[in-house]
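Student: This is the structure I want to talk about, given as structure tokens.
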Amino acid sequence: MKIDLSGRAALVTGSTQGIGAAIAAGLARAGARVGVNGRSSQRVDESIARLTKEVPEADLLPVAADVTTEEGARLAAQALPQVDILVNNLGIFGSEDPLRITDDEWRRYFEVNVLAAVRLTRLYLPGMTERGWGRVQYIASDSAVVIPAEMIHYGMSKTALLAVGRGFAKQAAGTGVTVNSVIAGPTHTGGVEDFVYELVDRDLPWDEAQRAFMREYRPQSLLQRLIEPEEIANMVVYLSSDQASATTGGALRVDGGYVDSILP
């Protein structure tokens, strides 16, 4: 299957590192012009330099804006006024005793992980429907379905994203625009390495720490390893393509079999 996104413009939020950077690289490799987003110009420029080395033919546009704010979302829309593919990847996570999560933290997780994506969808979806083609995606998590006791606030925000995706898919019904969520399983990123070492012995080498984490905290994974960001990106690139034209309103799993269900 050859995926060609030439002539398409994409915006990937939170794409200076981790899963977002892998998605930006995958879309660029398929021929899309990709807006690389981060809060600071320096981080965005550094990320574009790295991505250009990885994908020399990449057409990358810097989008330095804090899209968790209304002003930041407007700045992003000014930098990239027309978007055909919107990937709402930006998110925060962390562990906390459920009874100690403050009201401010609950709000912060909702505003960053959910409301930022809703705001950008409101900005870009009308143009997609007017042109009769578009792709909106939300990067959710296995934690949306299997809520970890130590990450209830995070799980709540990712469950909300599944509802947001399904709702906007109905809003876009019959327009040529598809809206989907991608349920990412435990993935190997720098931030996740820090998280793993919060929960297991910091003196363990990474390979041992990863195995210990999966064995103790994610034993239902059928992969029995962390997923690589590129594996998440592969699903996003497919969903961004013409080949995925009949897939909408879905929550598609790239979770290594973590969610114990035969349904998506």
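Student: Looking only at region 200-251, which residues are farther than 20 Å from residue 158 by Cβ, among the aromatic types (Phe, Trp, Tyr) and not assigned by TED's automatic domain parsing to the domain that holds residue 21?
Tutor: 206
Student: With the condition kept exactly as written, say whether any residue in region 72-95 is acidic (Asp, Glu), more than 28 Å from residue 174 (Cα to Cα) and either at pLDDT below 95 or within 17 Å of the chain's Cα centre (by Cα) (or both).
Tutor: no
Student: In region 75-98, which residues are touching a residue at least 60 places away in the same chain (Cβ under 8 Å), surrounded by 19 or more Cβ atoms within 10 Å (Cβ to Cβ) and more than 21 Å from residue 183 (Cα to Cα)?
Tutor: 76, 80, 83, 84
Student: May I pose another question? Checking residue 23 against (1) touching a residue at least 60 places away in the same chain (Cβ under 8 Å); (2) touching a strand residue (DSSP E or B) at 6+ places or on another chain (Cβ under 7 Å); (3) outside any helix (DSSP H, G or I), which single condition isn't satisfied?
Tutor: Unmet for residue 23, out of (1) touching a residue at least 60 places away in the same chain (Cβ under 8 Å); (2) touching a strand residue (DSSP E or B) at 6+ places or on another chain (Cβ under 7 Å); (3) outside any helix (DSSP H, G or I): (3).
Student: Working only within region 2-20, note down all residues that are buried (at least 24 other Cβ atoms within 10 Å of the Cβ), closer than 12 Å to residue 236 by Cβ and of a type outside the set (Val, Ile, Thr).
Tutor: 10, 15, 20
Student: If you don't mind, there's one more thing I want to ask. Can you pull out every residue in region 26-54 that is in a loop (DSSP other than H, G, I, E, B) and either surrounded by fewer than 23 Cβ atoms within 10 Å (Cβ to Cβ) or outside the structural domain of residue 183 (by TED's automatic domain parsing) (or both)?
Tutor: 30, 31, 39, 40
Student: Quick check, is residue 101 over 15 Å from residue 141 (Cα atoms), crowded, with 22+ Cβ neighbours inside 10 Å and not charged (D, E, K, R)?
Tutor: It is false that residue 101 is over 15 Å from residue 141 (Cα atoms), crowded, with 22+ Cβ neighbours inside 10 Å and not charged (D, E, K, R).
The values are calculated or read from the model by the stated rules, or taken from the named source; none is laboratory data. Predicted, not measured: the structure shown is a model, and the values here were computed from it. All Cβ positions, even for glycine, are placed from backbone atoms using ideal geometry, and neighbour counts span all protein chains on display.
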